[in-house]
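The structure under discussion appears below in the form of structure tokens.
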Amino acid sequence: MSHAITVLLEFVYLLALLGLAIYGFNNLLTTILYLVACKRGQVASTDVPQPKIWQRVTVQLPVYNEYYTIERLIGAVAQFDYPRDRLQAQVLDDSTDDTTLSLRRLVDQYRAQGLDIELIHRADRAGFKAGALDNGLKTATGDLIAVFDADFFPAPDWLKRTVPQFADLNLGCLQTRWGHLNQKYSLFTRAVALGIDGHFMIEQTARSRSNLFLNFNGTAGLWRRACIEDAGGWKADTLTEDLDLSYRAQMRGWRVGYMPEVVVPAEIPAQIEAFKRQQFRWAKGSIQTARKLVPALFNADIPEHVRLLGVIHITGYLVAPLMLLILLLMLPIGLLAPQYMRLFSWSMVASFGPPLLYLVTNTEYVPRLVDRLRLLPMLVILGFGLCLNNSLAVLEGLFSSETGTFVRTPKMNLTNQSGELTRNSYTMTLSPMVLGELGLALYALVALFFLTPRFGWGIMPWVLVYVGGFSYVAFANLLQNWQLNRAPLKATHLASSK
């Protein structure tokens with residue numbers, strides 16, 4: 001029996017190493033594709049002449065308890081440099097607090113100024129964001145549908161720069177790049193900003209310019225209404241309705257375009273607990289979408305390499321449980337089957353893929369290589385520290401029969417110039433998961449104690465990154481929670497935050 005258990009552990013360990021290697025090499029491939037696009041001068045989108053007649057656009061603003069940011073958002077939409085007779089704005093409000101009262105005032109104010117804007121309030125929040133977007137389509141008058149979350153701040157020329165791209169009748173969706181309003185708030189937000197930049201500058205550009213499947217990111221994008229309807233519309237059976245619809249559209253033959261040169265700044269969650277909940281939703285929703293669509297991907301009439309890289313892309317959050325498995329199996333494998341531990345170092349060659357991707361990420365937010373080098377260790381530690389959080393999300397996405405609740409990420413109206421993280425009705429309470437993170441940090445230390453004499457100091461950096469990752473996420477979260485709880489509750493006009 002003990003031999004059978006050892007063989008099983010060896011098999012699972014090797015499988016986890018192979019899986020990590022595949023995803024690591026995918027990051028290397030993505031970086032290479034981006035560099036090829038740069039060499040060919042294909043990063044920026046092709047210039048398209050402005051149309052003689054502008055298409056009618058509906059701008060949808062899904063809102064749920066966004067008291068601190070909705071005034072900025074609606075004000076930005078009101079400043080759009082676009083023909084007023086071709087523009088409609090919809091505020092899709094599912095709020096349960098005084099956000100709705102502010103919205104009524106703002107909608108009346110801008111309607112009086114000539115903006116075609118309506119407030120659509122729902123009391124039941126059925127289908128969450130997907131349900132709100134779908135409900136808004138019933139009265140939307142635009143042939144193109146723009147979507148902005150409450151913490152985004154689009155420039156006045158955003159529509160003038162994006163709408164002309166839809167002269168391509170095969171273009172079903174156009175994503176623009178996320179920027180940052182508060183990346184300088186803390187070391188944590190700086191690291192998160194670099195991670196976001198890597199996705200939007202390198203991955204999205206590489207996939208778009210290589211004609212691979214890519215995803216709409218839920219906001220700062222523009223859809224052709226005919227594409228939404230042809231692909232089956234917004235669905236609430238996953239927590240990532242954006243990924244779901246964009247993949248369904250591409251399997252129907254529509255193209256999802258990307259304009260990295262058009263940037264829409266947004267707020268990075270400054271509360272670590274809020275960031276973890278956001279990552280949990282993204283991880284769970286992505287795996288739900290993969291469970292739903294991977295069979296259809298295998299049957300879709302698309303090139304084999306597009307199919308393969310699409311599956312790798314849509315299942316990307318599987319990296320988290322693979323990382324966790326390697327840590328948990330490291331000690332028993334090192335004691336029972338030490339010959340397999342030597343494969344660990346070789347598999348780590350693939351681990352250079354993600355760091356290289358972020359080092360190549362040259363944006364206006366972190367333009368200097370030396371600054372990216374300084375932030376990279378923090379980003380790596382954060383990635384390892386989140387693997388318990390994201391692993392649990394992946395397991396729920398794989399095995400839970402229920403979609404789950406769309407947990408909104410609170411926005412606090414933080415920028416580099418103003419605002420501070422204070423305790424208020426939107427502040428998230430500490431999750432018990434922090435105990436698991438502390439336990440894993442301790443387990444990694446125990447593994448280091450027993451394995452270093454057997455395998456030498458070369459194993460230390462790989463184990464210490466687990467120790468550092470779980471320790472940072474746990475202790476930083478505890479410290480921030482303690483600081484917030486010591487502060488007085490910020491007075492607001494919020495009636496409820498159910």
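The values are calculated or read from the model by the stated rules, or taken from the named source; none is laboratory data. Just so we're clear, the structure is a prediction, and the values are computed from it rather than from any experiment. Note: ideal-geometry Cβ built from the backbone for every residue, glycine included; neighbour counts use all protein chains shown.
Going by the conditions given, is Tyr68 under 23 Å from Pro410 (Cα atoms) and either of a type outside the set (Asp, Glu) or within 26 Å of the chain's Cα centre (by Cα) (or both)? Even if it seems obvious, please write down each step before you answer.
Details: under 23 Å from Pro410 (Cα atoms): yes; either of a type outside the set (Asp, Glu) or within 26 Å of the chain's Cα centre (by Cα) (or both): yes.
Considered against the rule, which asks whether it is under 23 Å from Pro410 (Cα atoms) and either of a type outside the set (Asp, Glu) or within 26 Å of the chain's Cα centre (by Cα) (or both), Tyr68 comes out as yes.
Could you run through the range 85-101 and say how many residues are modelled with pLDDT of 95 or more, surrounded by fewer than 19 Cβ atoms within 10 Å (Cβ to Cβ) and closer than 14 Å to Glu71 by Cβ?
Final tally of qualifying residues: 1.
Among Phe148, Phe166, which is the only one that is in contact with a helix residue (DSSP H, G or I) (Cβ under 7 Å, 6 or more places away or on another chain) and at pLDDT 95 or above?
Numbers: Phe166 fails: in contact with a helix residue (DSSP H, G or I) (Cβ under 7 Å, 6 or more places away or on another chain).
Unique residue meeting the criteria: Phe148.
Of (1) farther than 23 Å from Gly142 by Cα; (2) touching a strand residue (DSSP E or B) at 6+ places or on another chain (Cβ under 7 Å), Val12 satisfies all except one. Which?
That leaves (2) as the condition not met.
What single numbered condition from (1) of a type in the set (Gly, Ala, Ser); (2) farther than 24 Å from Pro260 by Cα; (3) loosely packed, with under 14 Cβ neighbours inside 10 Å fails to hold for Gly41?
(2)
So Ala193 ticks every box in (1) within 28 Å of Leu398 (Cα to Cα); (2) in contact with a strand residue (DSSP E or B) (Cβ under 6 Å, 6 or more places away or on another chain); (3) part of a helix (DSSP H, G or I) but one. Which box is left unticked?
Going through the list (1) within 28 Å of Leu398 (Cα to Cα); (2) in contact with a strand residue (DSSP E or B) (Cβ under 6 Å, 6 or more places away or on another chain); (3) part of a helix (DSSP H, G or I), Ala193 breaks only (1).
Within the range 429-464, count every residue that is under 23 Å from the mean Cα position of the chain (by Cα) and of a type in the set (A, V, I, L, M, F, W, C).
Within the range 429-464, residues that are under 23 Å from the mean Cα position of the chain (by Cα) and of a type in the set (A, V, I, L, M, F, W, C) number 3.
Which pairs have Cβ atoms under 7 Å, sit 6 or more apart or on different chains, and link a residue in the range 353-365 that is touching a residue at least 12 places away in the same chain (Cβ under 8 Å) to one that is in a loop (DSSP other than H, G, I, E, B)?
Partner pairs satisfying both residue conditions: Tyr365/Gln183.
Among the candidates Ala150, Ala146, single out the residue that is in contact with a strand residue (DSSP E or B) (Cβ under 7 Å, 6 or more places away or on another chain), surrounded by 22 or more Cβ atoms within 10 Å (Cβ to Cβ) and either at positive phi or part of a strand (DSSP E or B) (or both). Steps first, answer last, please.
Details: Ala150 fails: either at positive phi or part of a strand (DSSP E or B) (or both).
Residue meeting the stated conditions: Ala146.
Across the range 379-411, what is the total count of residues that are touching a Leu at 6+ places or on another chain (Cβ under 7 Å) and farther than 16 Å from Lys276 by Cβ?
Initial filter on the range 379-411 (touching a Leu at 6+ places or on another chain (Cβ under 7 Å)): 379, 387-388, 391, 394, 403-404, 406.
Pick out the ones that are also farther than 16 Å from Lys276 by Cβ and you get 403.
The qualifying residues number 1.
Where residues in the range 391-414 are buried (at least 16 other Cβ atoms within 10 Å of the Cβ) and hydroxyl-bearing (Ser, Thr, Tyr), which of them is nearest to Ala283 (Cα to Cα)? Spell out how you get there, then give the answer.
Taking the range 391-414 as the starting set, the residues that turn out to be buried (at least 16 other Cβ atoms within 10 Å of the Cβ) are 391-394, 396-397, 403-404, 406, 408-414.
After this cut, where a residue has to be hydroxyl-bearing (Ser, Thr, Tyr) as well, the list is 391, 403, 409.
On the way: Ser391: 8, Thr403: 13, Thr409: 14 Å.
Looking at the filtered set, the residue picked out is Ser391.
Just the residues that are in a loop (DSSP other than H, G, I, E, B) and in contact with a Cys (Cβ under 8 Å, 6 or more places away or on another chain), please, taken from the range 196-240. Reasoning before the result, please.
We begin by selecting, within the range 196-240, every residue in a loop (DSSP other than H, G, I, E, B); these are 210-220, 231-240.
Phe216 - this is the single residue of the range 196-240 that is in a loop (DSSP other than H, G, I, E, B) and in contact with a Cys (Cβ under 8 Å, 6 or more places away or on another chain).
Sort through Leu73, Leu119 and tell me the only one that's part of a strand (DSSP E or B) and under 29 Å from the mean Cα position of the chain (by Cα). I'd like the intermediate steps shown before the answer.
On the way: Leu73 fails: part of a strand (DSSP E or B).
Answer to the check: Leu119.
Would you pick out the residues in the range 259-282 that are over 22 Å from Asn481 (Cβ atoms) and of a type in the set (Gly, Ala, Ser)?
Across the range 259-282, the qualifying residue is only Ala266.
Please find, within the range 284-342, the residue that is surrounded by the fewest Cβ atoms within 10 Å (Cβ to Cβ) out of those that are among the aromatic types (Phe, Trp, Tyr) and more than 25 Å from Asn390 (Cα to Cα).
Filtering the range 284-342 for residues among the aromatic types (Phe, Trp, Tyr) gives 298, 317, 340.
Restricting the remaining residues to those that are more than 25 Å from Asn390 (Cα to Cα) gives 298, 340.
Details: Phe298: 12, Tyr340: 16.
Looking at the filtered set, the residue picked out is Phe298.
Please go through the range 76-102 and give me each residue that is over 25 Å from the mean Cα position of the chain (by Cα), part of a helix (DSSP H, G or I) and within 30 Å of Ile53 (Cα to Cα), ordered by number.
Of everything in the range 76-102, those that are over 25 Å from the mean Cα position of the chain (by Cα), part of a helix (DSSP H, G or I) and within 30 Å of Ile53 (Cα to Cα) turn out to be Ala78, Arg84, Asp85, Arg86.
Inside the range 153-173, can you point out the residues that are assigned to a loop (DSSP other than H, G, I, E, B) and crowded, with 23+ Cβ neighbours inside 10 Å? Quick ask: steps written out before the conclusion?
Within the range 153-173, the subset assigned to a loop (DSSP other than H, G, I, E, B) is 153-157, 168-170.
Listed by number, the list holds a single entry, Pro154.
All but one of (1) closer than 26 Å to Val77 by Cβ; (2) surrounded by fewer than 22 Cβ atoms within 10 Å (Cβ to Cβ); (3) of a type in the set (A, V, I, L, M, F, W, C) hold for Leu187; which doesn't?
Leu187 satisfies every listed condition except (1).
Here are Thr189, Thr162, Thr176: which of them is over 20 Å from the mean Cα position of the chain (by Cα) and of a type outside the set (A, V, I, L, M)? Talk me through it step by step, then tell me what you get.
Details: Thr189 fails: over 20 Å from the mean Cα position of the chain (by Cα); Thr176 fails: over 20 Å from the mean Cα position of the chain (by Cα).
When all the criteria are applied, what remains is Thr162.
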